[in-house]
Amino acid sequence: MSADRSWGPRRWAQNGSVRIAFDQFKPEHDGDPLLVATGLGVNRESMPDGFVRELAKQGFAVVRYDQRDGGESTHFPPTPTRNPITALVGKRGEAYTAEDMADDAVAVLDELGWDSAHVLGVSLGGAVAQRVALRHPQRVRSLTTVAAVPGDVTGLRTLRFIRMGTLGKFARLKFPDTREGAIEAGLAVAKLLSSPRVDFDEDSVRATLEGNPDSGVHDQESQSRQIGAQWSGPTIDKIACPTLIVHGKDDPLIKPEAALAIASRIPGARTLLLPAVGHDLPEHAWSPLAGAIRELADTPTTPSLHRPPTVE
């Protein structure tokens, strides 16, 4: 469980045979519904509690969930492709589809009784969030993606946005399947994905990981199934809700050009490039990002949405 006692009890949503674990921040408090989709392999507690508190201050009721094959949600049996790089460029969709993952998010909304919500996705969760907006447009009030690739780009076309050197280092990480192994893996990944412009606070990161020793950080088999899920739905230019595309200027894994590519294709999309931010959500980014999501949520929805200025 999260070290922050503000989180409500774990709950479950059902999508066919798949159970999705989720919880809500301060469930006794009302607010505008906001659903958070997490990244590759990691559990829902990877979303910093401090950032969630900033979102709550902005008037959101925040729910986070574990992707299938992550955290406490349903994990799938091994498939022939067990390496994230191989899954990215080779045979895909062996376990489930990207449509299935988008439907998981909607299953959480259904269980909550939310007709619609603002949706925030980070990394892989950003691609999932884009697909939710495409597959279930009536359920998404606004869309924010952080450190993501275009949700309709798959296979070799994804490579133009990824720093393969970093992905290779990520794939080569080997740690024992123990609590200490999960902590050391999380520390190694955090170092790898942080901005070189910010001093890495190893003691603070280790303390956080002690409270959330997530084995998904180095579970390459689960990651390969998530990253290998094939999307065959509409293209992202069909996204019609207010959209904010966020990226760290120092992201060592996904090139910031990915954000510009997404924003150029979604009508009216705003872009927020965060200085001294890598493929993570460091504390100095929490307040400006939460404020930008609030501003996005307050955007009037009209049949013809004019393109707002880029935010820097």
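The values are calculated or read from the model by the stated rules, or taken from the named source; none is laboratory data. Here the structure is a predicted model, which means the values were calculated and not measured. Ideal geometry is used to build each Cβ from the backbone, glycine not excepted, and the neighbour counts take in all protein chains shown.
How many residues are in a helix (DSSP H, G or I) and either under 22 Å from the mean Cα position of the chain (by Cα) or surrounded by 14 or more Cβ atoms within 10 Å (Cβ to Cβ) (or both) when one looks only at region 173-203?
Looking only at that region, the number is 13.
Search region 218-242 for residues that are within 29 Å of Gln138 (Cβ to Cβ) and pair each with any residue that is among the aromatic types (Phe, Trp, Tyr) when their beta-carbon atoms are under 7 Å apart and the residues are at least 6 apart or on different chains.
Arg225/Phe76; Ala229/Tyr96
Would you check which residues across region 126-164 are over 18 Å from Ala87 (Cβ atoms), more than 13 Å from the chain's Cα centre (by Cα) and assigned to a helix (DSSP H, G or I) and list them?
If the condition is that a residue be over 18 Å from Ala87 (Cβ atoms), more than 13 Å from the chain's Cα centre (by Cα) and assigned to a helix (DSSP H, G or I), then Ala133, Leu134, Arg135, Pro137, Gln138, Arg139 are the ones that fit.
Kindly evaluate Gln14 against the criterion of being at pLDDT 95 or above and touching a helix residue (DSSP H, G or I) at 6+ places or on another chain (Cβ under 7 Å).
yes
Looking for something among the charged types (D, E, K, R), touching a Pro at 6+ places or on another chain (Cβ under 7 Å) and either within 26 Å of His279 (Cβ to Cβ) or loosely packed, with under 15 Cβ neighbours inside 10 Å (or both) - is there at least one such residue anywhere in region 21-33?
Among the residues of region 21-33, at least one is among the charged types (D, E, K, R), touching a Pro at 6+ places or on another chain (Cβ under 7 Å) and either within 26 Å of His279 (Cβ to Cβ) or loosely packed, with under 15 Cβ neighbours inside 10 Å (or both), which makes the answer yes.
Among the residues in region 76-94, are any within 16 Å of the chain's Cα centre (by Cα) and either of a type in the set (Lys, Arg) or closer than 22 Å to Gly41 by Cβ (or both)?
So far as region 76-94 goes, no, none of its residues is within 16 Å of the chain's Cα centre (by Cα) and either of a type in the set (Lys, Arg) or closer than 22 Å to Gly41 by Cβ (or both).
Could you give me the residue pairs with C-beta distances under 9 Å whose first residue belongs to region 54-66 and is under 16 Å from Asp298 (Cα atoms) and part of a loop (DSSP other than H, G, I, E, B), whose second residue is at pLDDT 95 or above and not aliphatic (A, V, I, L, M) wherever it lies, and which are 6+ apart or on separate chains?
Gln58/Gly31; Gln58/Asp32; Gln58/Gly291; Gln58/Arg294; Gly59/Gly31; Gly59/Asp32; Gly59/Arg294
What is the residue count in region 226-259 for residues that are touching an Asp or Glu at 6+ places or on another chain (Cβ under 8 Å) and either among the aromatic types (Phe, Trp, Tyr) or closer than 28 Å to Ala171 by Cα (or both)?
6
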